[in-house]
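A short worksheet on the structure shown next.
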């Protein structure tokens, strides 16, 4: 999907309403938190490399924190990726098809987004019991006595990020269905 196509798709609702919705702010806030976390992880990794080379002492827990941070970053930024039309997909078929047959193309995109929402709900269904187990069982990652960190915050972020992405997918479903059956949906990307 080209940048121009993405920008044109997402700008309609903001122009129609004059301002983004609270959900749009929430999605973009999660994205910003993920971006800040990327910077923190980069600084932590650089500090660990320096500590290993200069002081001959590693920073304990860096590997565990980086591993958990990657998961957190992905799920914090997933809904924003959808909201701004940046989710990877094979555009070679759908974009030309949607241009030639707008109703059928938007119907196909609605089905695609509905499948995405269903996948997010499957992830939610599978993650919630794991979160409860981590919360109640006081699970942690690391080596006791050296570095430990609880796993439940990561699992909670997976739940929040997946739920947000599912809602964003459903908003996109509504957007495409409104394009098929009538006027564009007011909250199309918000």
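Let me check the size of the range 61-132 from its C-alpha atoms; what are the radius of gyration and Dmax in Å?
According to the Cα coordinates of the range 61-132, Rg and Dmax are 16.6, 54 Å.
Mind telling me which of 27, 158, 143 comes out most flexible in a GNM of the chain, alpha-carbon contacts under 10 Å?
Top of the fluctuation ranking is 143.
Roughly what % of Cα-Cα distances in the range 25-103 sit above 17 Å, to the whole percent?
Summing the P(r) of the range 25-103 above 17 Å gives 61 percent of all pairs.
Sort 124, 43 so that the residue with the fewest other Cβ atoms within 10 Å of its own Cβ comes first and the one with the most comes last.
Working: 124 17, 43 10.
Lowest to highest Cβ neighbour count: 43, 124.
What is the helix-to-structure angle for 152-181, meaning the angle in degrees between its Cα long axis and the longest Cα principal axis of the chain, kept from 0 to 90 and rounded to the nearest 10?
The angle comes out near 10 degrees.
Give me the distance in nm between label points sitting 7 Å out from Cα along the Cα-to-Cβ direction at residue 104 and residue 156, one decimal.
Label at residue 104, label at residue 156, 4.9 nm between them.
Neighbouring Cβ atoms within 10 Å as the yardstick, rank 128, 93 fewest first.
93, 128
For residue 43 and residue 95, FRET efficiency with R0 = 35 Å and r from the beta-carbon atoms, rounded to 0.05?
Working: r = 39 Å, r/R0 = 1.12.
E between residue 95 and residue 43, to the nearest 0.05, is 0.35.
Could you list the residues of the range 92-117 with an amide nitrogen less than 18 Å from a label point located 7 Å from the Cα of residue 181 in the Cα-to-C-beta direction?
Zone members listed by number: 102-115.
Would you work out the relative contact order for the chain, in percent, from Cα pairs under 8 angstrom that are 6 or more residues apart?
31
Which of 137, 161, 61 moves most in a GNM of the chain, Cα contacts under 10 Å?
In this elastic network of the chain, the residue with the biggest mean-square fluctuation among 137, 161, 61 is 137.
Which order results if 139, 144, 64 are arranged by neighbouring Cβ count within 10 Å, fewest first?
Numbers: 139 15, 144 7, 64 18.
Ranking 139, 144, 64 by Cβ neighbours within 10 Å, fewest first, gives 144, 139, 64.
In whole angstrom, and with the biggest value first, how far do the Cα coordinates of the range 17-68 range along each principal axis?
If we take the Cα atoms of the range 17-68, the spans are 57, 17, 8 Å.
Debye calculation, C-alpha points only, no solvent: report log10 I(q)/I(0) for the range 83-190 at q = 0.11, 0.12, 0.14, 0.24 Å⁻¹, in the same order as the q values.
Calculated log10 I(q)/I(0) at the listed q: -0.49, -0.55, -0.66, -1.24.
For residue 126 paired with residue 114, estimate the spin-label separation in nm (one decimal), with each label point 7 Å from Cα along the Cα-to-Cβ line.
Using points 7 Å along Cα→Cβ, the separation is 2.3 nm.
Which value in deg cm²/dmol, rounded to the nearest 500, describes the helix-derived mean residue ellipticity at 222 nm for the chain, given -39,500 (n - 2.57) per DSSP H run of n ≥ 4 and division by the residue count?
Mean residue ellipticity, 222 nm, calculated: -27000 deg cm²/dmol.
Considering all alpha-carbon pairs of the chain, what whole percent are spaced by more than 24 angstrom?
Numbers: 8972 of 17955 pairs.
Beyond 24 Å sits 50 percent of the P(r) for the chain.
Just so you know, all these numbers are worked out from the coordinates, no wet-lab data involved. The structure displayed is predicted, hence computed values, not measured ones. When we count neighbours, we look across all protein chains shown, and the Cβ atoms used for this are built from the backbone with ideal geometry, even at glycine.
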